[in-house]
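J.: Got a structure for you, questions after.
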Amino acid sequence: MSPAMSVLTELSEAVSAVQSRTKIVPAVGVVLGSGLGAWADSLTSLVRIPYGEIPRMPRSTVIGHAGNLCLGFADGIPVACLQGRVHLYEGHDPERVVFGVRLLARLGCRAVLLTNAAGGLSPELTPGDLMLVSDHLNLMGKNPLSGPNLEELGPRFPDMTDAYEPALRSAAREAAIETGTTLHEGVYAGLLGPTYETPAEIRMLATLGASAVGMSTVPEVIALRHLRIPAAAISCITNMAAGISKTKLDHSEVEATARMTRDRFTALLSAWVRRAAAAYPETGR
C-alpha cells in the first residue's frame, strides 16, 4: 500500500472507532488551541474520546492541550471538537499534524472553526484581545500536502486565495456584534517553533504584514482547503511578541491569558458555531 493510500485507510479506521462510541454526526468542527479547551466541556450530551483511544490519532505533549475528541451539541448543533492539537515542533510529520482536521471532515463536518494562542505584533493588539485571521504566512518550512497527492482528498494544487473562508469570517463578525465582543482582524504568521521568535524575527514579520504569530493552524487550514472544507480561525492574543513585550516570554503566560478570556471566548465561539452551521446547511453546500 502506498503512503498516500494508507492515509485513507487510517482515516477509515479512526472514523469507525469514533462512530462505535457515538451516533452524533457533527455539522461543525472546532479546533481548540492552548488554554482554550474549556469550551468543549460546555457541550451537551458530551462524548469525550481520548486521542489515545482513536487509531492513528497523534497525541499532544504540550501543557494546555487536553488531547480529546469531544462530540456533543452546542445550542442544539452537533459538533466535533479537537480539545487540543499536535504541532510540527513536537516531532510529528506534517500529515500527522493534520490528521485531526481530516478526521473532522470524514466524520461529516461541513465547516471547521480553528482557534489558537498567538503573540501580538500589531500596536492595536494587547494581551487578551481576540483576532479574526484574514490570511496567513506559512513560514514553517513544511507543507502537509508535500509528496504524492491523493486525489480522493483533493487536487494537486489547491487554491489558497480564500483560505480563510469569507462567509465564515462574516459569521465571526456577526457573532462578535451579537456578543458585544471586540474582534480585531489581521494576518497570522505560522513559524515552526518551539522557540519563541527573536526580536529581529518579529521585526521581519511585521514588515511582511503579520499582526500575530504562532506555531499552529497553518497546516490544518491548508489540509482543510485541500479537502474543500470551509475553514476560518480566531487567535487569542496571549502575549506581546519578543522585542515588544517588556517581559521574557513564557508558556505559563499563554495559558493564564487564555483562561482570562474564557468567558468572552466561549460566548463568541458558541455564537460563531451557530452561524457557521446556518451558512453551510446539510444540503447545497
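The values are calculated or read from the model by the stated rules, or taken from the named source; none is laboratory data. Remember, predicted model here, so these are calculated numbers, not experimental data. We place every Cβ from the backbone using ideal geometry, glycine too, and count neighbours over all the protein chains shown.
J.: Hey, does segment 156-171 have a residue that's modelled with pLDDT of 95 or more, in a strand (DSSP E or B) and surrounded by 19 or more Cβ atoms within 10 Å (Cβ to Cβ)?
T.: We begin by selecting, within segment 156-171, every residue modelled with pLDDT of 95 or more; these are 156-171.
Remaining after also requiring in a strand (DSSP E or B): none.
No: segment 156-171 contains no residue that is modelled with pLDDT of 95 or more, in a strand (DSSP E or B) and surrounded by 19 or more Cβ atoms within 10 Å (Cβ to Cβ).
J.: Give the residues of segment 94-124 that are part of a loop (DSSP other than H, G, I, E, B) and either closer than 11 Å to residue 31 by Cβ or free of Cβ contacts under 8 Å to residues at least 24 places away in the same chain (or both), sorted by residue number. Please lay out each step first, then the result.
T.: Taking segment 94-124 and keeping what is part of a loop (DSSP other than H, G, I, E, B), we get 98, 107-110, 121-124.
Result: 98, 109, 123.
Condition check ((1) over 20 Å from residue 172 (Cβ atoms); (2) outside any helix (DSSP H, G or I); (3) small (Gly, Ala, Ser); (4) touching a Leu at 6+ places or on another chain (Cβ under 6 Å)) across all residues:
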position: 29; (1), (2), (3), (4): no, yes, yes, yes
position: 39; (1), (2), (3), (4): no, no, no, yes
position: 45; (1), (2), (3), (4): yes, yes, yes, no
position: 66; (1), (2), (3), (4): yes, yes, yes, no
position: 71; (1), (2), (3), (4): yes, yes, no, no
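J.: Which one of 228, 259 is out of contact with any strand residue (DSSP E or B) (no Cβ under 7 Å at 6 or more places or on another chain), modelled with pLDDT of 95 or more and either surrounded by 16 or more Cβ atoms within 10 Å (Cβ to Cβ) or among the basic types (Lys, Arg) (or both)?
T.: On the way: 259 fails: modelled with pLDDT of 95 or more.
Only one candidate passes the filter, namely 228.
J.: Can you tell which of 214, 193 is in contact with a strand residue (DSSP E or B) (Cβ under 9 Å, 6 or more places away or on another chain), under 22 Å from residue 33 (Cα atoms) and surrounded by 24 or more Cβ atoms within 10 Å (Cβ to Cβ)? Spell out how you get there, then give the answer.
T.: Numbers: 193 fails: surrounded by 24 or more Cβ atoms within 10 Å (Cβ to Cβ).
After ruling out the rest, the residue left standing is 214.
J.: Checking residue 60 against (1) modelled with pLDDT under 95; (2) touching a Cys at 6+ places or on another chain (Cβ under 9 Å): exactly one of these is not met. Which one?
T.: Exception for residue 60: condition (2).
J.: Still on this structure, please answer the following. Would you pick out the residues in segment 155-198 that are on the phi > 0 side of the Ramachandran plot and over 20 Å from the mean Cα position of the chain (by Cα)?
T.: 180
J.: Given the conditions (1) within 16 Å of residue 135 (Cα to Cα); (2) within 16 Å of the chain's Cα centre (by Cα), and given that residue 227 satisfies all but one, which numbered condition is not satisfied?
T.: In the conditions (1) within 16 Å of residue 135 (Cα to Cα); (2) within 16 Å of the chain's Cα centre (by Cα), residue 227 misses (1) alone.
J.: Which residue, of 112, 79, 101, is buried (at least 23 other Cβ atoms within 10 Å of the Cβ), in contact with a strand residue (DSSP E or B) (Cβ under 9 Å, 6 or more places away or on another chain), more than 21 Å from residue 12 (Cβ to Cβ) and at pLDDT 95 or above? Quick ask: steps written out before the conclusion?
T.: On the way: 112 fails: more than 21 Å from residue 12 (Cβ to Cβ); 101 fails: more than 21 Å from residue 12 (Cβ to Cβ).
Residue meeting the stated conditions: 79.
J.: Another question, if that's okay. Scan segment 58-73 residue by residue and report those that are among the aliphatic types (A, V, I, L, M) and either more than 18 Å from residue 29 (Cβ to Cβ) or surrounded by fewer than 22 Cβ atoms within 10 Å (Cβ to Cβ) (or both). So that I can check it myself, show each step before the final result.
T.: Residues of segment 58-73 that are among the aliphatic types (A, V, I, L, M), as a first pass: 62-63, 66, 69, 71.
Those that are among the aliphatic types (A, V, I, L, M) and either more than 18 Å from residue 29 (Cβ to Cβ) or surrounded by fewer than 22 Cβ atoms within 10 Å (Cβ to Cβ) (or both): 62, 63, 66.
J.: Also, I was wondering about something else. So is residue 237 of a type in the set (Val, Ile, Thr), farther than 16 Å from residue 133 by Cα and either modelled with pLDDT of 80 or more or not in a helix (DSSP H, G or I) (or both) or not? Reasoning before the result, please.
T.: Working: of a type in the set (Val, Ile, Thr): yes; farther than 16 Å from residue 133 by Cα: no; either modelled with pLDDT of 80 or more or not in a helix (DSSP H, G or I) (or both): yes.
It is false that residue 237 is of a type in the set (Val, Ile, Thr), farther than 16 Å from residue 133 by Cα and either modelled with pLDDT of 80 or more or not in a helix (DSSP H, G or I) (or both).
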